[in-house]
Amino acid sequence: GENVEQHPSTLSVQEGDSAVIKCTYSDSASNYFPWYKQELGKRPQLIIDIRSNVGEKKDQRIAVTLNKTAKHFSLHITETQPEDSAVYFCAASKGGSYIPTFGRGTSLIVHP
Amino acid sequence: EAGVTQSPTHLIKTRGQQATLRCSPISGHTSVYWYQQALGLGLQFLLWYDEGEERNRGNFPPRFSGRQFPNYSSELNVNALELEDSALYLCASSPDATNEKLFFGSGTQLSVL
């Protein structure tokens, strides 16, 4: 089955810095890559996603890039703010099963 | 529009007991997923239901089971509880079996003593 590795497990940055979280996947048939944000004590929420026919997608301060050849994708957050502090999960899924496999999460801490 | 709701919020059981967790999907959503979130292990897939049928299950023992009702709500049953079953159990729904975008509930925190 699919295996998703996520790094780093913890990321500490100063407010205003950029943050990058990286994920690799094992199944080349995977074609959908969402990112979820889970604030402390709250439910995971989808913040951005990308499909395999697109190399990059942006939404204000967040962007996701995908390298199908290397089978990795990354979340980029620019101009970080304290409210960006949360656990971020990447996931991968392929058509037919529609069961996203999640990475173990990255705890992002943004210091004011 | 109401989101995915789960009950109870917290559940305390002792080893060997049985636990039942409940989930109501967003109105109109037919697919329900269950995930276990144990500390440091991310989201581990448990079960997927759609239109009342079990579509897939993750790598968990048979004492983890569930069902989906005609109104698309779902329950997760865990029999013969073990200490390592202590975790946050998250339910998610999606509009249908072809839609990969998941909407999560706030979870049930299960503690096994």
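For chain B, the relative contact order works out to 37 percent when only alpha carbon pairs closer than 8 Å and six or more residues apart are counted. P(r) for chain A, from all Cα pairs and a bin width of 10 Å, is 15, 49, 29, 6, 0 %, short bins first. Net charge within 13 Å of A:Ile62 by Cβ-Cβ distance, Lys/Arg positive one each and Asp/Glu negative one each, not counting A:Ile62 itself? After counting each charged neighbour, the total is -2. Rolling a 1.4 Å probe over the protein heavy atoms gives chain B an accessible area of 46 Å² per residue.
Sequentially through the range A:22-36, phi angles give Karplus couplings (6.51, -1.76, 1.60; θ = phi - 60°) of 10, 9, 10, 10, 9, 8, 5, 7, 4, 9, 9, 9, x, 10, 10 Hz, Gly and Pro residues having no value and appearing as x.
The spacing between the range B:50-65 and the range A:18-68, judged by their C-alpha centroids, is 26 Å.
Could you check how many percent of all C-alpha pairs in the protein assembly as shown are farther apart than 25 Å? Percent of Cα pairs beyond 25 Å in the protein assembly as shown: 40. A simple rule links phi to the HN-Hα coupling: the Karplus curve 6.51 cos²θ - 1.76 cosθ + 1.60 with θ = phi - 60°, which for the range B:69-74 gives 8, x, 8, 6, 5, 9 Hz, with x for Gly and Pro. Counting Cβ atoms of other protein chains within 10 Å of each residue's Cβ and taking the mean over peptide A:12-19 gives 0. So, counting K/R as plus one and D/E as minus one, what does the shell of residues with Cβ under 13 Å around A:Ile77 add up to? Overall, the nearby charge balance is -2.
Mean per-residue shielding of peptide B:100-108 is 6, counting Cβ atoms of other chains within 10 Å of each Cβ. Taken over chain A, lysine pairs spaced eight or more positions apart, or on distinct chains, with alpha carbons under 18 Å apart number 12. Placing +1 on the Cβ of every Lys and Arg and -1 on the Cβ of every Asp and Glu, with nothing else charged, gives the protein assembly as shown a dipole about its Cα centre of roughly 280 debye. Within the shell of other residues whose beta carbon sits under 9 angstrom from the beta carbon of B:Leu47, the net charge comes to +1, with Lys and Arg scored +1 and Asp and Glu -1.
Distance distribution note for the range B:50-93: the fraction of Cα pairs above 11 angstrom is 73%.
The Kirkwood radius of chain B, taken over pairs of alpha-carbon atoms, gives through the Stokes-Einstein law at 37 °C and 0.692 mPa s a diffusion coefficient of 237 µm² s⁻¹.
The values are calculated or read from the model by the stated rules, or taken from the named source; none is laboratory data. The structure displayed is predicted, hence computed values, not measured ones. Neighbour counts run over all protein chains shown; Cβ positions are idealised from the backbone, glycine included. The protein model used for the area step is the full one, side chains on, heavy atoms only, and it has no ligands, DNA or RNA in it. Shrake-Rupley method; radii C 1.70, N 1.55, O 1.52, S 1.80 Å.
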